[in-house]
Structures are given as C-alpha cells and as structure tokens.
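The values are calculated or read from the model by the stated rules, or taken from the named source; none is laboratory data. Keep in mind that this is a model prediction, so the values were computed, not measured. Neighbour counts are summed over all protein chains in view; Cβ atoms, including those assigned to glycine, are modelled from backbone coordinates with ideal geometry. Surface accessibility is based on the protein's heavy atoms, side chains included, excluding ligands, DNA and RNA. Shrake-Rupley method; radii C 1.70, N 1.55, O 1.52, S 1.80 Å.
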Amino acid sequence: MVHVQASILAALALVAPALAQTAPDLGRACNFVLLATSAVTTGAASLLYGNVGISPTTLAAMSIGGGMRSVVNQTYFIANPRVEGLIHGPGNLTDGAVADVRAAYTDARTREPTGAVNVRDPILDGQNFTAGVYQWTTVVNLSAGQNVTLIGSATDVFIFQMVALATGAASQILLIGGISPSNIFWVPTSTLGLGAASQFYGIALAGSALNVGAGALWNGAAYALSAASIGTAVILSNPSGGCGTGPETAPAAFLTEKAKRAQVTLLPRESEMCEASADKVICGGRKQTRAQVMLA
C-alpha cells in the first residue's frame with residue numbers, strides 16, 4: 001500500500017507542473033487600463049485608473065467624459081479629472097501595446113482546457129471555479145443579481161474562453177483566497193458586456209467590442225480588438241500587482257498646472273472595489289466628494 005501511494009504521489013508530482021497555468025504576457029499593454037482599436041467612449045462620471053489608448057484609429061474616435069485639454073505628440077491630457085494616467089493615440093507606445101494585446105489574446109485563446117470543453121454550465125450563476133482553463137463554444141452568461149465565485153491563491157491563474165460574455169445588472173464576481181485580478185483572463189472571441197451596477201474582476205481580452213453598463217465597478221483592464229464603450233459612473237482600475245508599473249508621469253507643464261489645484265489621492269488598493277454616486281466616491285469605506293478627487 002505504501003508503495004502504491006508513493007507511486008501515485010510521484011505521478012502527481014510529474015503531472016502538476018503541466019497543469020499549472022502562467023498568465024498570458026500583456027507586454028506593453030500592462031500600463032493601460034483601457035485599450036481599443038477602433039473607438040473609445042466613456043461616460044462623463046466615470047473614473048479610469050491607468051493609461052487609455054487607441055490605435056490604429058486616431059484620437060478623433062475617442063470621447064472621454066469631461067473633455068480633452070491639449071495635444072502633444074498624439075497624447076491628450078484630461079481637462080476634467082477622470083483619468084489617472086495619460087491618453088494615447090496611434091504611435092510607437094500604443095501600436096506596440098495593441099500588438100501585445102493581440103498576442104496575449106491568441107495565447108489565451110489557444111490554451112488547452114483543463115477539463116473537457118463545455119464541461120461547465122454556460123450560465124455561471126452560483127458556480128465555483130478553481131484555477132485552470134475553461135472553454136465554452138457558446139455565449140456565457142451571469143444573470144442579473146447573481147454571483148460566480150473564483151477560489152484560489154495569489155499565484156493561481158484563471159482563463160475563461162467563450163464566444164461572448166454577458167453579465168446582468170448587479171451581478172458579481174467573488175474572489176476567495178487572495179486571488180489577483182491580474183491573473184484572471186476573460187477571452188471572448190466576440191463581445192464582452194457588463195451589466196449596470198455589476199462588480200467585475202480580471203483582464204478582458206475581447207476579440208471584438210466591449211460594453212460596460214452604468215455604475216459598474218471593474219478591478220482589472222479592458223482590452224478590445226474593436227470598440228470600447230464605458231457607461232456613466234463606471235470605476236475601472238488597473239490591478240497594482242503583476243502588470244507593469246502603473247500610469248506614466250505626465251509632462252512637467254501639465255503637472256505644474258495640476259499642482260495649482262487641491263488634490264486628494266483616492267486610488268483603489270489591490271482587490272479593493274469602489275462605489276460611485278452622483279457626488280461621492282467610496283473606496284473601502286474611505287469617502288470623498290467627487291469635487292475633492294483630483295487625478296492627473
């Protein structure tokens with residue numbers, strides 16, 4: 001019996017590394033919280049923590065709530081404090097980031113499923129998932145007001161492959177065990193849509209367009225190989241760990257003008273969700289009026 005148990009353990013030791021997943025490499029896209037190829041639109045009360053980019057379509061196809069300030073080498077600066085970071089049009093940085101998103105999409109999309117294809121119900125309501133690669137050949141849905149739970153550790157990687165992903169209003173992704181949003185990948189071959197007031201974690205690598213409903217809270221990053229539309233009062237924050245070094249520094253002239261205005265830093269911590277209303281932003285119980293939140 002001891003010999004048999006030892007043999008089983010030895011076999012598992014050989015198989016386990018093959019089953020363990022590494023996160024797809026986002027490369028130069030890591031510092032972007034929102035990246036699209038054809039159009040970007042965000043609601044007037046949305047807050048984006050990270051750089052925003054579009055390529056190859058020009059900045060004429062981008063509409064950021066709050067307006068634009070000026071153009072320097074195809075980089076726009078925000079007049080209204082809605083983006084913690086810079087906004088980039090076509091150029092070496094954004095072109096490279098889009099190329100890396102395409103490579104990451106192909107990598108994530110072609111990973112072999114951990115189990116059988118379509119082994120899990122495409123209606124995610126009430127389901128629990130451990131680390132691995134899950135593949136559906138259909139549209140995957142999370143119904144309004146329902147939850148799906150991911151269980152694992154900070155190093156576990158989750159990859160979900162599907163035709164399209166749609167979450168209903170007030171639905172939630174729940175994380176247990178210290179999972180990093182940087183290690184969760186949602187990879188629809190077509191569209192990804194989040195319902196109003198939903199709570200979402202992870203990196204979206206959408207083969208087509210993505211749409212985020214009003215009031216949604218998203219800890220992760222949105223990458224669309226088409227258009228991206230972000231609704232009113234959405235908070236989208238790039239995970240602080242495992243993906244780049246955060247938003248780059250704005251030019252000195254912009255920082256000088258920014259310094260003339262009162263500033264209160266209110267950045268979501270890793271795995272912390274924020275809530276937004278017409279006049280307040282609350283992150284982990286820390287409350288400020290929107291007028292007090294000043295972002296570069």
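Given R0 = 22 Å, the distance between the Cβ atoms of Thr110 and Thr138 translates into a calculated FRET efficiency of 0.75. Solvent-accessible surface of segment 104-203, taken per residue with a 1.4 Å probe and all protein chains present: 36 Å².
Packing-based ranking of 82-90, 136-144, 56-64 yields 82-90, 136-144, 56-64, ordered from highest to lowest mean Cβ neighbour count within 10 Å.
The packing ranking, built from the mean of other Cβ atoms within 10 Å per residue, places the peptides 189-197, 21-29 in the order 189-197, 21-29, highest first.
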